[in-house]
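Here is the structure we will look at.
The values are calculated or read from the model by the stated rules, or taken from the named source; none is laboratory data. Just so we're clear, the structure is a prediction, and the values are computed from it rather than from any experiment. When we count neighbours, we look across all protein chains shown, and the Cβ atoms used for this are built from the backbone with ideal geometry, even at glycine. To get the accessible areas, we keep the full protein, side chains included, count just its heavy atoms, and leave off ligands, DNA and RNA. Shrake-Rupley method; radii C 1.70, N 1.55, O 1.52, S 1.80 Å.
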Amino acid sequence: RERLNAAIQFLQVPAKISNVISEADIVLTIKPKVKSGSKIMQIIQGRQLPLHVIRQNSTAQIIKFIRSFFKLSQSDEDLEHEALEEIKKACLKVKSQHCVVEVSPRTAFFRRLQHQVAKENGLSALSTGEEPHRRLRLYPR
């Protein structure tokens with residue numbers, strides 16, 4: 001839920017998360033939750049709600065879904081802008097709250113750009129995780 005909310009805010013799409021199924025326009029869940037007789041299947045049974053399934057509850061998967069659902073552009077320029085905006089916001093948070101912040105998984109090229117921004121902001125950065133989930137973790141100095 002937190003990742004979905006962050007992705008909605010980050011991509012600035014007109015979406016709202018609802019806890020009440022009668023207020024929902026769609027249902028988004030992860031693949032392991034979609035089995036015959038599962039709670040989610042029982043909840044939507046008999047309702048005219050589209051069910052959208054993503055592989056896992058990762059920020060990258062959620063952003064990919066939102067981009068597709070709202071038909072948002074995914075050009076290299078857009079992806080670069082998104083990666084840079086995210087790292088700038090993360091740098092501000094690390095500086096103001098003196099905490100560790102992890103950003104969304106990115107390709108090696110975009111992580112390299114993010115490392116540069118972190119360095120320019122006087123922060124330590126470390127790439128963590130395995131591809132394709134490799135991402136930057138920012139630390140205060």
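With the simple spin-label model, which puts each label point 7 Å out from Cα in the Cβ direction, the residue 49 to residue 23 separation comes to 1.2 nm. Legend: calculated FRET efficiency, residue 13 to residue 95, from the Cβ-Cβ distance at R0 = 22 Å, rounded to 0.05, equals 0.20. Probing with 1.4 Å while keeping every protein chain in the model, the per residue accessible area of the range 69-141 equals 64 Å².
Each of 65, 20, 48 was placed along the dipole of the chain (beta-carbon charges, centred on the mean Cα), and the one lying farthest toward the positive end is 20.
Under 5 Å between amide hydrogens, built in the peptide plane, is the criterion, and for residue 57 it picks out nothing among residues at least 5 positions away or on other chains. Pairing the Cα long axis of helix 2-11 with the longest principal axis of the chain, what angle in degrees results, from 0 to 90 and rounded to the nearest 10? With rounding to tens, the tilt is 70 degrees. Calculate how steeply helix 59-69 sits against the longest principal axis of the alpha-carbon atoms of the chain, using the helix alpha-carbon long axis, and give the answer as 0 to 90 degrees to the nearest 10. Rounded to the nearest ten degrees, it is 60. Against the main long axis of the alpha-carbon atoms of the chain, helix 76-97 sits at an angle near 70°.
Projected onto their three principal axes, the Cα atoms of the chain cover extents of 55, 28, 28 Å, largest first. If you roll a 1.4 angstrom probe over the protein chains with everything in place, what fraction of the accessible area of the chain belongs to carbon and sulfur, to the nearest %? Exposed carbon and sulfur together represent 50 percent of the surface.
Neighbours of residue 59 by Cβ distance under 11 Å: Lys/Arg scored +1, Asp/Glu scored -1, total +1. Rounded to the nearest whole Hz, the Karplus-based 3J(HN,Hα) values (6.51 cos²θ - 1.76 cosθ + 1.60, θ = phi - 60°) of the range 39-45 follow the sequence 4, 5, 5, 5, 5, 8, 4, with x at glycine and proline. Residue 112 sits among other residues whose Cβ lies under 12 Å from its own Cβ, and their net charge, with Lys and Arg +1 and Asp and Glu -1, is +3. Calculate the translational D of the range 62-103 in whole µm² s⁻¹ from Stokes-Einstein, where the hydrodynamic radius comes from the Kirkwood formula applied to all Cα pairs, the temperature is 10 °C and the viscosity 1.306 mPa s. In µm²/s, the coefficient is 136.
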